[in-house]
1. So for the pair ILE178, VAL46, with labels modelled 7 Å out along Cα→Cβ, what separation do we get in nm?
2. All other residues with a Cβ under 9 Å from the Cβ of TYR138 taken together, and with Lys, Arg as +1 and Asp, Glu as -1, what is their net charge?
3. What does the net charge come to around GLY129 if you take all other residues with beta carbon closer than 9 Å to its beta carbon, with K and R at +1 and D and E at -1?
4. Could you tally the net charge around PRO80, taking each other residue with its Cβ under 9 Å from the Cβ of PRO80, Lys/Arg +1 and Asp/Glu -1?
5. Could I have the simple spin-label model distance between GLU203 and ASP118, label points 7 Å from Cα toward Cβ, reported in nm to one decimal?
6. Given H placed 1.01 Å from N in the peptide plane, which residues other than close sequence neighbours of THR98 have an amide H under 5 Å from its amide H?
7. If you count only protein heavy atoms and use a 1.4 Å probe, how large is the accessible surface of VAL72, to the nearest 10 Å²?
8. For TYR123, tell me the accessible area in Å² from a 1.4 Å probe, rounded to the nearest 10.
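The values are calculated or read from the model by the stated rules, or taken from the named source; none is laboratory data. Note that this is a predicted model, so its numbers are computed, not measured. Heads up, the Cβs are rebuilt from the backbone with ideal geometry, glycines too, and the neighbour counts pull from every protein chain shown. For accessibility, only protein heavy atoms count, side chains too; no ligands or nucleic acids. Shrake-Rupley method; radii C 1.70, N 1.55, O 1.52, S 1.80 Å.
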Amino acid sequence: MERKRIYTFVLLALSLLLLQPTALWAQQKRKAQPVQADTVSFFRGVAVGVDIVGPAMKALSAYGQYEALLRVNIRDKYYPVLELGVGQADKTADETSTQYKTHAPYGRVGMDFNVLKDKHDVYRVLVGGRVGYTSFKYDVNAPAVKDPIWGGLVPFGGTDVRSHLLWLEASFGVDAKIWGPIRMGWSVRYKIRAHQKSNDLGEPWYVPGYGRGGSSTLGATFNVLLEL
């Protein structure tokens with residue numbers, strides 16, 4: 001019985017020694033296999049869409065915008081984009097009775113990058129940037145103010161006051177295929193002014209495409225797209 005156990009142990013040991021090189025060879029063969037190249041075409045399509053946040057803001061507040069976009073798909077990874085719109089505002093301040101009005105076009109151009117590992121998924125996580133510009137006119141009508149030195153009332157305001165703004169945006173968003181060629185997606189934007197024309201009336205209350213005043217601001221979009 002003891003001799004039989006010894007024979008069994010020796011046979012098991014020899015089997016393990018014989019199988020180990022075979023397993024190592026198979027593992028090395030799997031590692032040596034080249035990574036399959038992504039054979040997707042360079043041009044993957046184009047999408048057109050509209051933003052629905054801007055019209056909702058205009059319906060619920062004193063300012064908003066109407067915006068459309070054109071986006072090109074390169075290898076499901078790179079997305080050059082052009083955004084064009086019209087921004088408008090009509091606001092009367094309750095405290096000062098100052099009225100501000102503007103209605104002007106604007107544009108943005110930029111690039112988004114799909115950062116998902118699976119670039120060909122129906123979902124996309126997009127990180128990118130934009131350069132925006134608008135040249136616009138606005139009206140400011142306010143009650144006359146008292147001159148602190150000479151006394152009397154001095155008119156304040158202006159009509160067709162010219163201004164322009166160049167700004168930069170950092171963007172983060174997600175979009176997904178809903179049905180057929182229809183996609184939906186949202187994005188958040190951090191905007192910072194690069195250059196603005198100033199005048200004696202001070203900073204405009206609202207800038208088309210950029211939003212309310214301030215050196216920086218946050219924005220958001222919710223796009224409905226048709227991707228062809």
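1. Those two pseudo-labels are separated by 2.2 nm.
2. +1
3. -1
4. Numbers: positive: ARG71; negative: ASP112.
Every neighbour counted, the sum reads 0.
5. If labels sit at GLU203 and ASP118, their model points lie 4.5 nm apart.
6. The answer is ALA93.
7. Accessible area of VAL72: about 40 Å².
8. Roughly 130 Å² of TYR123 is accessible to a 1.4 Å probe.
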